[in-house]
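Below: the structure, in structure tokens.
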Amino acid sequence: MEPKVISKDALIVVGKSGGGLETGETWQKFMDLYDKYGINEQISNNEIYKVKIYYKIIPDALVGMISSTTEQNPLYNVVSIPAYEYAIFDAPLASYTEQLKSVDNWIRNNEKYKQGTIDGCRFLIEYYGSRYDEEEIDSSVIEIWVPLAPKE
């Protein structure tokens, strides 16, 4: 499985944070806030981004949308992600766990790149775009974006 590689400018993700095992609950908290307050200078439309940051073995997850500003309602959590090149993997949700293992193996065995970091912690982004349908989870496809940093 070879990913496509793209360059992305810095991203500001505005949303709600929670433990990596509580994604459904975190997603609902974000949607409740979003329905009530919206997002200042929102860039993404009906696209959800889940940023998984590995502070420990089980990652924390921020579920949100892209904005052009960090100036947001204080009830939101905001993460600023520097510009990176990303390896983009398609991930059918029906085989999500297997896909994550494949992605992890790909980056672990890559001779050129290691996984990029935020504040010294590995992270990745899950992109829930037009191929994601919450009514048809088993046929939905998301993208897993792995930030790439050169190995030294």
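Overview of values
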read-out	value
Residue that is farthest from Val78 (Cα to Cα) [pool: residues in region 7-31 that are at pLDDT 95 or above and surrounded by fewer than 12 Cβ atoms within 10 Å (Cβ to Cβ)]	Ser7
Selection from region 105-129 of residues that are more than 15 Å from the chain's Cα centre (by Cα) and either without any contact (Cβ under 8 Å) to a residue 60 or more places away in the chain or assigned to a strand (DSSP E or B) (or both)	Asn105, Ile107, Arg108, Asn109, Asn110, Glu111, Lys112, Tyr113, Lys114, Asp119, Gly120
Tabulated pairs, region 16-32, first in a loop (DSSP other than H, G, I, E, B), second of a type in the set (A, V, I, L, M) and crowded, with 20+ Cβ neighbours inside 10 Å, C-beta under 7 angstrom, 6+ apart or interchain	Gly20/Ala61
Extreme residue, farthest from Gly120 (Cα to Cα), among residues of region 55-69 that are surrounded by fewer than 14 Cβ atoms within 10 Å (Cβ to Cβ) and not hydroxyl-bearing (Ser, Thr, Tyr)	Ile58
Some residue of region 86-95 being among the aromatic types (Phe, Trp, Tyr) and part of a helix (DSSP H, G or I)	no
Among (1) aliphatic (A, V, I, L, M); (2) surrounded by fewer than 18 Cβ atoms within 10 Å (Cβ to Cβ); (3) in contact with a Phe, Trp or Tyr (Cβ under 7 Å, 6 or more places away or on another chain), the one test that Val51 misses	(2)
Residue identified as farther than 18 Å from Phe30 by Cβ and either among the aromatic types (Phe, Trp, Tyr) or touching a His at 6+ places or on another chain (Cβ under 7 Å) (or both) among Tyr96, Tyr76	Tyr96
Tabulated pairs, region 73-84, first without any contact (Cβ under 8 Å) to a residue 60 or more places away in the chain, second outside any loop (DSSP other than H, G, I, E, B) and β-branched (Val, Ile, Thr), C-beta under 9 angstrom, 6+ apart or interchain	Asn73/Val14
Residues of region 11-35 satisfying the condition of being within 15 Å of Tyr127 (Cα to Cα) and in contact with a helix residue (DSSP H, G or I) (Cβ under 7 Å, 6 or more places away or on another chain)	Gly15
Which numbered condition Ala61 fails, given (1) over 25 Å from Asp138 (Cα atoms); (2) hydrophobic (A, V, I, L, M, F, W, C); (3) under 12 Å from the mean Cα position of the chain (by Cα)	(1)
Filter result for Lys52 (part of a strand (DSSP E or B) and under 22 Å from Cys121 (Cβ atoms))	yes
Among residues of region 74-94, those that are loosely packed, with under 13 Cβ neighbours inside 10 Å and closer than 18 Å to Ser17 by Cα, counted	3
Selection within region 115-152 - surrounded by fewer than 18 Cβ atoms within 10 Å (Cβ to Cβ) and acidic (Asp, Glu)	Asp119, Asp133, Glu134, Glu135, Glu136, Asp138, Glu152
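The values are calculated or read from the model by the stated rules, or taken from the named source; none is laboratory data. Remember, it's a predicted structure, so these values are computed and weren't measured experimentally. Neighbour counts run over all protein chains shown; Cβ positions are idealised from the backbone, glycine included.
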